[in-house]
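Below is one structure; the comments refer to it alone.
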Amino acid sequence: MPSLESADPSPGNRTLERTAAILDAVGPASVTASELARRTGLSVSTTHRLALSMVEYGFLRRADSGSFRLGHRFVRTTLESSALPVLEELRETTGETAQLWIRRGNERVCVLSADSRHELRATLPPGSRLQLPAGSSGRLLAGEPDALRELETGGWVESVGMRTPGLGSVSAPVRTQGNIVAAICLAMPLARVAHSPGADFGDAVLRAAQRVGDELEGLGH
């Protein structure tokens, strides 16, 4: 088998081959870039560069120690399993679209969506990516100063026509071990809002986010 560091006429194929080799080399426990390099035959600098890129796209996650393990694309099922029934219940009790968002680099990614049953509704399919800090969950996940102040006051962050005119949303953080790992967002047309997204639905969204966080804590995440 040729070395992964050897020349290849197709740079795209070479990158894909190296990425696959790194994924194969990551075991159930965290592993350093040096150990990944040893297992794959790549240089440490190449391994480290590719691993950081893979963190950005959710293929790997990086611990505070600098070591790497499989990312949310492979291990996010616990979060999804915990959040899905909560989102569906939130959708049924409010009538609006309930979503789960996570941060990836300078974007937020929709992981789950329980869409409103109204014909007029705010919705984005799972997998949608939006630039931070647009929208209530974008402001929350970006750690925007005004958003953090809203969190301290009410436990939720709202958006009124900020990203899309005529639409509003309110989001609350899912926390584990004190860290924000995701945001639950309730999105709706402003035509159905009585006061504001936060005033109408903020407490319900906050309770939903706390339920998901509590379940994750109970599972040891």
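We did not get these values from a lab; they are worked out from the coordinates using the rules stated. Fair warning: this is a prediction, and the values are worked out from it, not measured in the lab. Using ideal geometry, Cβ is built from the backbone for each residue, glycine included, and neighbour counts are taken over all protein chains shown.
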³J(HN,Hα), Karplus 6.51/-1.76/1.60, whole Hz, each residue of segment 122-132, x for Gly, Pro: 9, 8, 9, x, x, x, 5, 10, 10, 5, 6
Long-range amide H partners of residue 97 with built H, under 5 Å: 116, 122, 187
Among 168, 141, 51 the positive-end extreme of the charge dipole of the chain (Cβ point charges): 51
Cβ-derived FRET efficiency at R0 25 Å, residue 64 paired with residue 16, nearest 0.05: 0.30
Relative intensity, log₁₀ I(q)/I(0), of segment 122-221 from a Debye sum that treats every alpha carbon as a point, q = 0.10, 0.11, 0.23, 0.25 Å⁻¹: -0.25, -0.30, -1.23, -1.38
Calculated P(r) tail over 21 Å for segment 11-74, as whole % of Cα pairs: 10
Positive-end residue, segment 76-218 charge dipole about Cα centroid, Cβ charges, pick of 177, 128, 114: 128
Relative contact order [Cα under 8 Å, 6+ residues apart], the chain, whole percent: 14
Residues of segment 101-117 with amide N under 12 Å of the 7 Å Cα→Cβ point at residue 80: 111-113
Whole-number D in µm² s⁻¹ for segment 36-130, Kirkwood Cα-pair radius fed into Stokes-Einstein, 20 °C, 1.002 mPa s: 140
Where labels lie 7 Å past Cα in the beta-carbon direction, separation of residue 38 and residue 120 in nm: 6.4
Å³ per residue enclosed by the Cα convex hull of segment 89-159: 90
Two-decimal Rg/Rh across the chain, once Rg and the Kirkwood Rh are taken from alpha-carbon atoms: 1.06
Residue 45-residue 217 pseudo-label distance in nm [points 7 Å out on the Cα-to-Cβ vector]: 4.6
Relative contact order (%) - segment 65-174, alpha-carbon pairs under 8 angstrom, separation at least six: 16
Built amide H within the under 5 Å cut-off of residue 112, gap 5+: 100
Dipole magnitude of segment 121-221 about its Cα centre (Cβ charges: Lys, Arg +1; Asp, Glu -1), debye to nearest 20: 360
